[in-house]
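The values are calculated or read from the model by the stated rules, or taken from the named source; none is laboratory data. All values derive from a computational prediction rather than experimental measurement. Ideal geometry is used to build each Cβ from the backbone, glycine not excepted, and the neighbour counts take in all protein chains shown. Side chains are part of the model used for accessible areas, which takes the heavy atoms of the whole protein and leaves out ligands, DNA and RNA. Shrake-Rupley method; radii C 1.70, N 1.55, O 1.52, S 1.80 Å.
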Amino acid sequence: MKQQSNERSFKDPVCGMEVSRTTAIEEFIYKGKTYYFCAGTCREAFETEPEKYIGHHRQHGIKPR
Ligand SMILES: [Zn+2]
């Protein structure tokens, strides 16, 4: 019996849950990159404000007032 250990997992950028291409319910392509989501509500949240969830270069601990 073969194990599907080659399955890549992705992080749902909204809730932080790990999903794979088979377990992800929703996917969304943003700037040429595919993001996977555990639920439609997560995808919708991402779709509304993608930068909020990606924001690699955003500084931690600094909140705009
Ligand atoms: Zn999620």
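What to note about this one:
- Residues that are open to solvent by 70 Å² or more (accessible area, probe 1.4 Å) and within 12 Å of the ligand (Cβ to nearest atom) within region 16-26 comprise M17, E18, T23, I25, listed in sequence order.
- Taking every residue in region 17-40 that is more than 18 Å from E7 (Cα to Cα) and of a type outside the set (S, T, Y) and pairing it with any residue that is assigned to a strand (DSSP E or B) and open to solvent by 40 Å² or more (accessible area, probe 1.4 Å), at least 6 positions away or on another chain, the pairs with Cβ-Cβ distances below 9 Å are F28/T34; A39/E26; G40/E26.
- Scanning region 20-55 for residues that are under 19 Å from S9 (Cα atoms) and assigned to a loop (DSSP other than H, G, I, E, B) gives R21, T22, T23, A24, I25, G32, C38, A39.
- The single condition among (1) over 8 Å from the mean Cα position of the chain (by Cα); (2) in a strand (DSSP E or B) that N6 does not meet is (2).
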